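Beneath this line is the structure, given in structure tokens, with notes to follow.
The values are calculated or read from the model by the stated rules, or taken from the named source; none is laboratory data. Predicted, not measured: the structure shown is a model, and the values here were computed from it. With ideal geometry, Cβ positions are generated from the backbone for all residues, glycine too; neighbour counts draw on all protein chains shown.
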């Protein structure tokens, strides 16, 4: 394993910790090791090759997507910026994941975001719509109107008792979050958290952000 491709699982971490304790106590422990499934893969390289290697390292997209399922991909395409600004998910990363889902037998792949800036400009400038346009069964949409959302109740909710969520997220089998790692004034780094909040309406997002800032 190269220094650029690092993988670890919760099971491996716990076994490593247990091994250290056991060695300190009894000297030479014996373990029965099961086949690992990785939860995290760190890959460097060009977008297409790196994404393919990451999916392979995690056990392949078929670990998450089964034949006949409808899949929602949630990249960050909320800003009308081109890929070189690194404010949105790279279009080739999104297209590579979408293609992999189709090859795994997905019935349909919807690439969705509730964009913060003008929907059409975001679709055009991020390059995500263009990158996915020739993949059969893949559709890229920016949803802003309330008709695309459904209100649901949060069981035992305290601050939020009801939220409005993109209907397709609720109605499809698989949701894959494809964020871009960026700094964040409240949390240090946003990664998937800041992206997944945009499956909600703007009112929900504002309330959630207010609850982050108040304790600070």
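For residue 123, the test of being in the same structural domain as residue 91 (by TED's automatic domain parsing), closer than 15 Å to residue 88 by Cα and at pLDDT 95 or above is passed. Exactly one condition in (1) part of a helix (DSSP H, G or I); (2) surrounded by 11 or more Cβ atoms within 10 Å (Cβ to Cβ) is not met by residue 141; state its number. Status for residue 141: all satisfied but (1).
Yes/no per residue for (1) under 20 Å from residue 199 (Cα atoms); (2) without any contact (Cβ under 8 Å) to a residue 40 or more places away in the chain; (3) buried (at least 17 other Cβ atoms within 10 Å of the Cβ):
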position	(1), (2), (3)
43	no, yes, yes
48	no, no, no
51	no, no, yes
71	yes, no, yes
83	no, no, yes
86	no, no, no
97	yes, no, yes
102	no, yes, yes
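Every condition in (1) touching a helix residue (DSSP H, G or I) at 6+ places or on another chain (Cβ under 6 Å); (2) crowded, with 23+ Cβ neighbours inside 10 Å; (3) within 20 Å of residue 191 (Cβ to Cβ) holds for residue 109 except the one numbered (3).
I'm trying to understand the selection: among the residues of the range 149-159, which are surrounded by 13 or more Cβ atoms within 10 Å (Cβ to Cβ) and out of contact with any helix residue (DSSP H, G or I) (no Cβ under 6 Å at 6 or more places or on another chain)? Result: 149, single match. All of (1) modelled with pLDDT under 95; (2) farther than 17 Å from residue 194 by Cβ; (3) in contact with a strand residue (DSSP E or B) (Cβ under 8 Å, 6 or more places away or on another chain) hold for residue 118 with one exception: (3).
In this entry, residue 186 passes the filter for residues that are in the same structural domain as residue 77 (by TED's automatic domain parsing), touching a helix residue (DSSP H, G or I) at 6+ places or on another chain (Cβ under 6 Å) and either farther than 20 Å from residue 51 by Cβ or outside any strand (DSSP E or B) (or both). Scan the range 42-63 for residues that are at negative phi and part of a loop (DSSP other than H, G, I, E, B) and the total you get is 4.
Do we find that residue 163 is in a loop (DSSP other than H, G, I, E, B) and either farther than 17 Å from residue 74 by Cα or modelled with pLDDT of 95 or more (or both) in this structure? Before the answer, list the steps.
Values: in a loop (DSSP other than H, G, I, E, B): no; either farther than 17 Å from residue 74 by Cα or modelled with pLDDT of 95 or more (or both): yes.
Considered against the rule, which asks whether it is in a loop (DSSP other than H, G, I, E, B) and either farther than 17 Å from residue 74 by Cα or modelled with pLDDT of 95 or more (or both), residue 163 comes out as no.
Residues that are touching a helix residue (DSSP H, G or I) at 6+ places or on another chain (Cβ under 7 Å) and in a strand (DSSP E or B) are absent from the range 117-137. Taking the condition in contact with a helix residue (DSSP H, G or I) (Cβ under 8 Å, 6 or more places away or on another chain), over 29 Å from residue 50 (Cβ atoms) and surrounded by fewer than 16 Cβ atoms within 10 Å (Cβ to Cβ), does residue 170 pass? When the stated conditions are applied, residue 170 does not pass them. Within the range 71-89, being over 22 Å from residue 54 (Cα atoms) and touching a strand residue (DSSP E or B) at 6+ places or on another chain (Cβ under 9 Å) holds for one residue alone: 78.
Taken together, 92, 112 contain a single residue that is in contact with a strand residue (DSSP E or B) (Cβ under 9 Å, 6 or more places away or on another chain) and either touching a residue at least 40 places away in the same chain (Cβ under 8 Å) or assigned to a loop (DSSP other than H, G, I, E, B) (or both), which is 112.
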